[in-house]
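See structure below.
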Amino acid sequence: MKAEQIAPTRGANPGEPEPVGSGSPGRPESTEGGSRRRGPLGTRARTAARLLPLVPAVLLLLVFLAGPVAWSFYGSFTNAALTGKEARNPQWVGLENYVTLFQDPVFPLALWLTVVFVVASAIIGQNFLGLGIALLMNRANRVVGSLVGLTVVAAWVLPEIVAAFVAYAYFSKDGTLNQVLSAFGMTGPNWLFSLPMLAIILANVWRGTAFSMMVYRAALNDVPIEITEAAMIDGAGGSKRLVLITIPMIKSSITTNLMLITLQTLSVFTLIWVMTAGGPGNQSTTLPVMAFQEAFRFSDIGYGTAIATVMLLIGAAFSVVYIRALRPGKG
Amino acid sequence: MSVATLAASVASPRKATAAALSNGILIVIALCFLLPLAWLILASLDPDASYRTQIPANPSFANYAAVLTPGLTFLPLWNSLLLSGGAAVATVVAAVLAAYPLSRYTMRFNKPFMYAILFGTCLPITAIMVPVYSLFVRLNLIDSMPASILFMAATSLPMAIWMTKNFMDSVPISLEEAAWVDGASAMTALRRVVVPLMRPGLGVVFIFVFIQAWGNFFVPFVLLLSPSKQPAAVSIYSFFGQYGAIAYGQLAAFSVLYSVPVILLYALVSRGMGASFTLSGAIKG
């Protein structure tokens, strides 16, 4: 926003001193540099000089981000293995990994469990709980509000491995949850074995709600109070105000939040790995866990890579939807 | 309590009931969120801890004393510091340099680049650790600390560039123009004028990246193999004995020690973080 305001003034004022290229710290001893000439060559040189500071970031992104992504596509067409001959000289096997993948009975299950995990823990759990807490905080006592904010954020700030151990202890057979239930005279199930999906979904809600809460707190702070007050004077009740005024006004934040938490939840690995390791059987094997197991437990890197590639494509599809929804002018 | 009564006396009775109800619900939610953490704190103080939550019979700092050795705690924490500090420094330097032309010049190149960056922030990178592992094996970078640092920096770079550009956009350009008139080059102006002005914003970006890297388990778990290089996130597995005997008390004490730095850092920037959450919602390139 600000850049666009600045840009026209800069463009309209050709007399202003141009910053000379980043590579030349002193005054230009310009025998060869065409940075002051106005010809097409000069413009090009100037643009190049201006782009120079981007080089470290672009290199880093190309080597360590675009590289693995491209490698993921390539590797999924090979029979790379963890050890042995195929580890050193993987062969090109074409679509074999994908054929195996679509015939693998575990794959549709893993895909389904991933969808269940994302929808239940992120889209329903974190999103609605986060919005609810943010709304309640606006009405509640300030001290209570900030205390609640702290406790919710605590679960989110913890390192993921610690959060995973805590969740494991909480849901285990004689863990805290069942101790609390027995205090109320109920016998809780062995969560991690009989209801593994429910346990990891609840754990992920516990871990991730803070993010949605913070996004919605920031968004609600930006809703002008005059509008809500005007609606109140016109006789709109609390729930009506929420549905007709508040929700439409924070719509772009809702879109942002939904997409970000979807993508974050899609790549959750540690929590599930520590709590259930995908088990019992494959009852909590989501796609990241399946990719990891195929690659490292069954030492089939090529196959694991194919699963990772599928995840990458799902993520990319979500990203495109997200970016289109947030195009300038719409949000 | 006094605040509540004061608020109640000022507000209408209906509003007071709503506030009381909101307070009540929020306190219940807070208790639900706190409950799992009770085990962590209690077990860390209990020499006879199990994964049951219990009030320690003989509370002591024995667990802490037991884990505070070079091999168990100091080396892993030092590795964590190297890994996350290195990643955060690399990210912030690259992000500031990249954000400068993006923020200050209008170029045809800006928009597609920012869209690519936005796309990069979305990719589920941790989900593709398997291909990353095989790529690193090919390039002979497995078990290399610098390579892991750069990989972590690259994965957080898109978000960092996005945040840094937003922070930089709010630094007025007139100050730099004065510097240019005085004969400073663009890079001098960036270093002497822009960076000092956006120090709080850069602090937020730095700590944001640091906290993420500090807590990351999957990346070092896959990329770093030798115990002497593993950060705290991975070395925590040393509390799982070979025959399934888990030293719960020590595990909890170590977890607390490992978590404290990021909690403190978070407390330091929580205000600035709030600002970055609004920024991440405002997509105006």
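The values are calculated or read from the model by the stated rules, or taken from the named source; none is laboratory data. Everything numeric in this text was worked out from a predicted model, so none of it was measured. Here Cβ is always computed from backbone atoms with ideal geometry, including for glycine, and neighbour counts include all displayed protein chains. Ligands, DNA and RNA are stripped out before the accessible areas are found, and what is left, the full protein with its side chains, is counted by its heavy atoms. Shrake-Rupley method; radii C 1.70, N 1.55, O 1.52, S 1.80 Å.
Considering only residues of region A:240-272 that are among the hydroxyl-bearing types (Ser, Thr, Tyr) and assigned to a helix (DSSP H, G or I), which is surrounded by the fewest Cβ atoms within 10 Å (Cβ to Cβ)? The selected residue is A:SER252.
Within region B:19-33, the set of residues being open to solvent by 80 Å² or more (accessible area, probe 1.4 Å) and at the interface with chain A (Cβ under 7 Å from one of its Cβ atoms) comprises just one member, B:ILE27.
Please specify each residue of region A:105-146 satisfying the condition of being outside any helix (DSSP H, G or I) and out of contact with any helix residue (DSSP H, G or I) (no Cβ under 9 Å at 6 or more places or on another chain). Even if it seems obvious, please write down each step before you answer.
In the first step, residues of region A:105-146 are kept if they are outside any helix (DSSP H, G or I); the result is A:105, A:140-141.
The answer is A:PRO105, and nothing else.
Within region B:34-47, the set of residues being within 12 Å of A:TYR170 (Cβ to Cβ) and either among the aliphatic types (A, V, I, L, M) or open to solvent by 30 Å² or more (accessible area, probe 1.4 Å) (or both) comprises B:LEU34, B:LEU35, B:LEU37, B:ALA38, B:LEU40, B:ALA43.
Restricting attention to region B:48-69, which residues are of a type outside the set (Phe, Trp, Tyr) and open to solvent by less than 60 Å² (accessible area, probe 1.4 Å)? Let's see the steps before the verdict.
Our first condition is that a residue be of a type outside the set (Phe, Trp, Tyr); within region B:48-69, this holds for B:48-50, B:52-60, B:62-63, B:65-69.
Those that are of a type outside the set (Phe, Trp, Tyr) and open to solvent by less than 60 Å² (accessible area, probe 1.4 Å): B:ALA49, B:SER50, B:THR53, B:PRO56, B:SER60, B:ALA62, B:ASN63, B:ALA66, B:VAL67, B:THR69.
Considering each residue of region A:70-81 in turn, at least one proves to be among the aliphatic types (A, V, I, L, M) and assigned to a helix (DSSP H, G or I). Note on region A:179-221: residues that are within 9 Å of chain B (Cβ to nearest Cβ) and either open to solvent by 10 Å² or more (accessible area, probe 1.4 Å) or farther than 19 Å from B:ALA30 by Cα (or both) total 10.
Could you list, in sequence order, the residues of region B:118-174 that are more than 7 Å from every other protein chain (Cβ to nearest Cβ) and assigned to a loop (DSSP other than H, G, I, E, B)? The answer is B:LEU139, B:ASN140, B:LEU141, B:ILE142, B:ASP143, B:SER144, B:VAL171, B:PRO172.
Every residue in region B:243-285 that is outside any helix (DSSP H, G or I), facing chain A (nearest Cβ under 9 Å) and either crowded, with 17+ Cβ neighbours inside 10 Å or at pLDDT 60 or above (or both), please.
First, pick out the residues of region B:243-285 that are outside any helix (DSSP H, G or I): B:243-247, B:282-285.
Filter once more, so that each one left must be facing chain A (nearest Cβ under 9 Å): B:282-285.
B:ILE283, B:GLY285, listed by residue number.
Scanning region A:156-186 for residues that are out of contact with any helix residue (DSSP H, G or I) (no Cβ under 7 Å at 6 or more places or on another chain) and of a type in the set (Asp, Glu) turns up just one, A:ASP174. Before we move on, is A:ILE247 among the aliphatic types (A, V, I, L, M) and in contact with a Phe, Trp or Tyr (Cβ under 7 Å, 6 or more places away or on another chain)? Considered against the rule, which asks whether it is among the aliphatic types (A, V, I, L, M) and in contact with a Phe, Trp or Tyr (Cβ under 7 Å, 6 or more places away or on another chain), A:ILE247 comes out as no.
Looking at region A:87-102, which of the residues that are assigned to a helix (DSSP H, G or I) and either open to solvent by 60 Å² or more (accessible area, probe 1.4 Å) or touching a Lys or Arg at 6+ places or on another chain (Cβ under 7 Å) (or both) is modelled with the lowest pLDDT?
Initially, region A:87-102 is screened for residues assigned to a helix (DSSP H, G or I), giving A:87-88, A:96-102.
Those still in the list that are either open to solvent by 60 Å² or more (accessible area, probe 1.4 Å) or touching a Lys or Arg at 6+ places or on another chain (Cβ under 7 Å) (or both) too: A:88, A:96, A:99-100, A:102.
On the way: A:ARG88: 68, A:GLU96: 84, A:VAL99: 87, A:THR100: 86, A:PHE102: 87.
Step by step, filter region A:87-102, then rank; the result is A:ARG88.
Scanning region B:70-116 for residues that are open to solvent by 50 Å² or more (accessible area, probe 1.4 Å) and of a type outside the set (A, V, I, L, M) turns up B:PRO70, B:GLY71, B:PHE74, B:TRP78, B:THR106, B:ARG108, B:PHE109, B:LYS111, B:PRO112, B:TYR115.
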